[in-house]
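Below is one structure, written out as structure tokens; the observations come after it.
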Amino acid sequence: MFNREKYLTMSMLLAWSINAAAPIVTAADTITEAEKQTIYRVSDFVGEWSVKGMQLSHNGKRLAFSRSYEDKTYLSAVDIKGSELHGLTDIPFGEDNFPINIRWATDERLVFTLRRKTKVARSKYYAWSEVLMSVNADGSDLQLLRTDGGGSRGLKHIDNADVISLLRDDPDHILVGKSRRRNWVQEYYDGAIDDVHKLNIKTGEMSLYMKGPKISSFKFHDWYADQKGHIRFGYGYDRKDNSVMIIRGRGDDDWKVLNDNELFEEGKFLPLQFGAGDNEFYVLSSLATGRMAVYRFDIATGTLGEQVFAHGRVDVTGIIYSFDKGKVVAAEYNEGGPKLQYLDEEYGKLRDGIARALKTGFSLWSTSDDDQNMIVLQGDERDAGSYYYYDAIGRKLNYLGSRIPNLNPDQMAKMESVSYETRDGLTIDAVMTKPRLNDGKPLPFIVLPHTNPNSRDSVEWDRTVQFLANRGYGVLQPNYRGSSGFGQRFRALGRGEWGRDMQNDLVDGVEWIIENGHAEQGRICIMGRGYAGYAALMGVARDGNLFSCAIGRDAPVDIKMMLKAERSLDEDDERYLEVAGDLKKKELNSISPADLIENINSPVLLYHREDAYYEVRQTRKFVKSLVKAKKPVDYLEVEQAKGANLYDANEDDEQFLALVEAWLLRVNPTPFLEEANRAGKVSNMPQTTNSSR
């Protein structure tokens, strides 16, 4: 699992100045670079990040992180002394072992989760397991923290717990949440935690700290502790998946359930965090305006207090709280891309100074308790991220390392936040990306809806978008009705609109990019996964005059089969209403690609894993019907992970995108894609199952 040998050479951290972040570029180099587009391989976009999870110690004098090198992942820690880094430890973990969720419990000791491939006891199966561990900053006293109470007994394939509080006033202990049920492993996967335990991070001893109250038909998923470690807020769901919250004042034993008025209705209330004061708690609420805004919340009485910040158009998504100042210093929201509203003048000046130095977007990834030392993550839509250390007193910004050093941000495409009006007068925000060296003429385009209907797209790093742009395609990502971030009403407009108004929003976006000269008519493909894959197939089934091809990945194709598999084939079921609205069961064929095969004439590529969320048998049946009807279809089915060959998201993405570019080379090529093929950077088209091509 791990090796105690220490490697104190920190090759990825040798460049300890902002000047070392990039070589000096001459004017001649700039001209040459501007005239040439580097064609990268698929693997350059989807590989494991070279450095992750950088965390400053509480006093800001130490730094911990994980890094990948060859077939190993290292847990590393260094001392920060002025302009120098001094290695403390560099612990290597073997293949398929990854330290994640790295935290400084104290300035001397780290707590982290080790994700690893493990053989399940008394079976032939393997699984990704997670175990909680701790280690001193110098690499000594590496401990496996047994949270299953197993003592010397054999370790189960998973042994982990949610860290609730680091107990800053108790250097030997942390608080963890755990299910008390016999099937606690499955409960962990489901996110359910009943009780809170105190765990000794040096010895592994664990004792019950708080027994969760029993509430009928209710499971806790989150506990919130104040700054003294007192559990004051609980969050979970009942059997109907409605959220339920409980609170109590400092020193109170009894809990109060918060589900008795409009303030706490589903989707209208979200807890954020405790502040420095005893009852200082912050939440997001959409009760007043229909959009999420930040409020103080009285944790003792359960009442909403003063508004801290509200945006006039979009939802607020979070806050930045300074414990040194004892106040909220900024509010987070997303309008075209992640943005901040400063609520403290001094904090705003600090951020503006960093922005002037970096000249790109950034976030403060980790800060010391006194806000004088920071890890800055530089990054925007063209850069997956580079880490810097910032000394606020000395105003020094020093380069540490990049997530994807193989990709040159200057070679990536710019994204643009755009909007268009739908046929029923709704304004849709979208993200449009064009290849870096486009000549302004209409381009072949890929419409790329987001996978989950209740999420959203914005101007930020997206490896799939950058890959497609690198191959010469324009990309449109519409935030169709039902997307998050635009208020309660906009989310509600997507209810029951699969294949109908949600689909219309995509079509109206395509007409907009054609009318405005961005896209070449007859060269527009639509692609997606899950719901977005369904929308792609509905695109060619319903609007084949606009979509020249469709790519569906792990997508539902038969709505009736999908709802039946989800045990929701009842017209009064919440999931049924969310998907189909007022449609009757007999009308579900009108929004099912599987029932619209006669309308499909554009080429279709389908990719489906056997163990995907949406049943593969839907796709198998769909493909057989397409082949029988002599429709142009290619289908690649990926077997369920077996034995020690477990699912890996990066590997799956690489296989899928390699298939996509090989297929697009046949059905909708671009000059850049053809150039990549000549350079040997496009994989051969694999043998597809049930192919009519």
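Being in a strand (DSSP E or B) and open to solvent by 20 Å² or more (accessible area, probe 1.4 Å) is the filter; apply it to the range 366-387 and report the residue that is nearest to GLY336 (Cα to Cα). So that I can check it myself, show each step before the final result.
Filtering the range 366-387 for residues in a strand (DSSP E or B) gives 366-367, 373-380, 383-387.
From the residues that got through so far, the ones that are open to solvent by 20 Å² or more (accessible area, probe 1.4 Å) too are 367, 373, 378-380, 383.
Values: THR367: 26, ASN373: 30, GLN378: 18, GLY379: 15, ASP380: 12, ASP383: 17 Å.
Here the answer is ASP380.
Does GLU637 meet the test of being touching a helix residue (DSSP H, G or I) at 6+ places or on another chain (Cβ under 8 Å) and in a strand (DSSP E or B)? Please lay out each step first, then the result.
Working: touching a helix residue (DSSP H, G or I) at 6+ places or on another chain (Cβ under 8 Å): yes; in a strand (DSSP E or B): yes.
Yes; evaluated as a whole, the condition is true for this residue.
Quick check on the range 554-574. Is at least one of its residues under 17 Å from LEU664 (Cα atoms), within 27 Å of the chain's Cα centre (by Cα) and either of a type in the set (Lys, Arg) or open to solvent by less than 40 Å² (accessible area, probe 1.4 Å) (or both)?
Just the residues of the range 554-574 that are under 17 Å from LEU664 (Cα atoms), to begin with: none.
Checking the range 554-574: not a single residue is under 17 Å from LEU664 (Cα atoms), within 27 Å of the chain's Cα centre (by Cα) and either of a type in the set (Lys, Arg) or open to solvent by less than 40 Å² (accessible area, probe 1.4 Å) (or both).
Suppose the filter is open to solvent by less than 60 Å² (accessible area, probe 1.4 Å) and closer than 30 Å to ASP462 by Cβ; does ALA300 pass it? Spell out how you get there, then give the answer.
Numbers: open to solvent by less than 60 Å² (accessible area, probe 1.4 Å): yes; closer than 30 Å to ASP462 by Cβ: no.
Answer is no for this residue.
Does the range 425-445 contain at least one residue that is part of a loop (DSSP other than H, G, I, E, B), touching a helix residue (DSSP H, G or I) at 6+ places or on another chain (Cβ under 8 Å) and within 27 Å of LEU287 (Cα to Cα)?
Within the range 425-445, one or more residues are part of a loop (DSSP other than H, G, I, E, B), touching a helix residue (DSSP H, G or I) at 6+ places or on another chain (Cβ under 8 Å) and within 27 Å of LEU287 (Cα to Cα).
In the range 302-322, what count of residues is obtained for those that are under 27 Å from the mean Cα position of the chain (by Cα) and not aliphatic (A, V, I, L, M)?
Here the count works out to 9.
Residues ASP611, ASP582, ASP652: which one is part of a loop (DSSP other than H, G, I, E, B), modelled with pLDDT under 95 and not aliphatic (A, V, I, L, M)?
Within the list ASP611, ASP582, ASP652, the selection yields ASP611.
Output the number of the condition that LEU284 fails; it satisfies all remaining conditions of (1) open to solvent by 10 Å² or more (accessible area, probe 1.4 Å); (2) assigned to a strand (DSSP E or B); (3) out of contact with any Phe, Trp or Tyr (no Cβ under 6 Å at 6 or more places or on another chain).
(1)
Looking only at residues in the range 125-143 that are outside any strand (DSSP E or B) and surrounded by fewer than 18 Cβ atoms within 10 Å (Cβ to Cβ), which one is nearest to the chain's Cα centre (by Cα)? Quick ask: steps written out before the conclusion?
Step one: list which residues in the range 125-143 are outside any strand (DSSP E or B), which gives 125, 137-142.
Filter once more, keeping what is surrounded by fewer than 18 Cβ atoms within 10 Å (Cβ to Cβ): 125, 138, 140-142.
Working: TYR125: 28, ASP138: 32, SER140: 33, ASP141: 33, LEU142: 30 Å.
So, considering only residues that are outside any strand (DSSP E or B) and surrounded by fewer than 18 Cβ atoms within 10 Å (Cβ to Cβ), the one nearest to the chain's Cα centre (by Cα) is TYR125.
Quick check: is even one residue across the range 217-229 among the small types (Gly, Ala, Ser), open to solvent by less than 70 Å² (accessible area, probe 1.4 Å) and over 30 Å from ALA105 (Cβ atoms)?
Yes.
Would it be correct to say that GLU637 is of a type outside the set (Ser, Thr, Tyr), surrounded by 16 or more Cβ atoms within 10 Å (Cβ to Cβ) and within 21 Å of THR464 (Cα to Cα)?
Here the answer is yes, as GLU637 does meet what is asked.
With the condition kept exactly as written, say whether any residue in the range 237-252 is aliphatic (A, V, I, L, M), in contact (Cβ under 8 Å) with a residue 12 or more places away in the chain and touching a helix residue (DSSP H, G or I) at 6+ places or on another chain (Cβ under 8 Å).
Yes, the range 237-252 contains at least one residue that is aliphatic (A, V, I, L, M), in contact (Cβ under 8 Å) with a residue 12 or more places away in the chain and touching a helix residue (DSSP H, G or I) at 6+ places or on another chain (Cβ under 8 Å).
Could you grab me the full set of residues in the range 249-263 that are open to solvent by less than 40 Å² (accessible area, probe 1.4 Å) and either closer than 20 Å to ASP195 by Cβ or modelled with pLDDT under 80 (or both)?
Step one: of the range 249-263, the residues open to solvent by less than 40 Å² (accessible area, probe 1.4 Å) are 249, 258, 263.
If the condition is that a residue be open to solvent by less than 40 Å² (accessible area, probe 1.4 Å) and either closer than 20 Å to ASP195 by Cβ or modelled with pLDDT under 80 (or both), then LEU263 is the only one that fits.
It is to be established whether one or more residues within the range 575-584 are more than 30 Å from ILE514 (Cβ to Cβ), open to solvent by 20 Å² or more (accessible area, probe 1.4 Å), without any contact (Cβ under 8 Å) to a residue 24 or more places away in the chain and not polar (S, T, N, Q).
yes
Go through the residues of the range 104-124 one by one and say whether even a single one is part of a helix (DSSP H, G or I) and either in contact with a His (Cβ under 8 Å, 6 or more places away or on another chain) or modelled with pLDDT of 90 or more (or both).
no
Restricting the first residue to the range 675-688 and requiring it to be under 15 Å from SER43 (Cβ atoms), which pairs with a second residue that is part of a loop (DSSP other than H, G, I, E, B) meet a Cβ separation below 8 Å and a spacing of at least six or different chains?
ALA676/ILE39; ALA676/ARG471; ALA676/VAL682; ALA679/ILE39; LYS681/ILE39; LYS681/TYR40; LYS681/ARG41
Among the residues of the range 69-87, write down those that are touching an Asp or Glu at 6+ places or on another chain (Cβ under 6 Å) and in contact (Cβ under 8 Å) with a residue 12 or more places away in the chain.
First pass over the range 69-87, keeping only residues touching an Asp or Glu at 6+ places or on another chain (Cβ under 6 Å): 71, 74, 76, 86.
The answer is ASP71, TYR74, SER76.
GLU332 versus (1) open to solvent by 40 Å² or more (accessible area, probe 1.4 Å); (2) in contact (Cβ under 8 Å) with a residue 60 or more places away in the chain; (3) assigned to a strand (DSSP E or B): which is the lone unmet condition?
Going through (1) open to solvent by 40 Å² or more (accessible area, probe 1.4 Å); (2) in contact (Cβ under 8 Å) with a residue 60 or more places away in the chain; (3) assigned to a strand (DSSP E or B) one by one, GLU332 breaks only (2).
Can you name the condition, by its number, that GLN341 falls short on among (1) touching a Phe, Trp or Tyr at 6+ places or on another chain (Cβ under 8 Å); (2) in a strand (DSSP E or B); (3) farther than 30 Å from GLN307 by Cα?
All conditions are met except number (3).
Go through the range 261-276 and count every residue that is within 22 Å of the chain's Cα centre (by Cα) and assigned to a strand (DSSP E or B).
Here the count works out to 5.
Specify the residue that is modelled with the lowest pLDDT; the eligible residues are those in the range 172-212 that are under 28 Å from the mean Cα position of the chain (by Cα) and of a type in the set (A, V, I, L, M, F, W, C).
This residue is TRP184.
The values are calculated or read from the model by the stated rules, or taken from the named source; none is laboratory data. Computed from a predicted structure; not experimentally measured. Please note: Cβ atoms are built from the backbone with ideal geometry, for glycine as well, and neighbour counts cover all protein chains shown. For accessibility, only protein heavy atoms count, side chains too; no ligands or nucleic acids. Shrake-Rupley method; radii C 1.70, N 1.55, O 1.52, S 1.80 Å.
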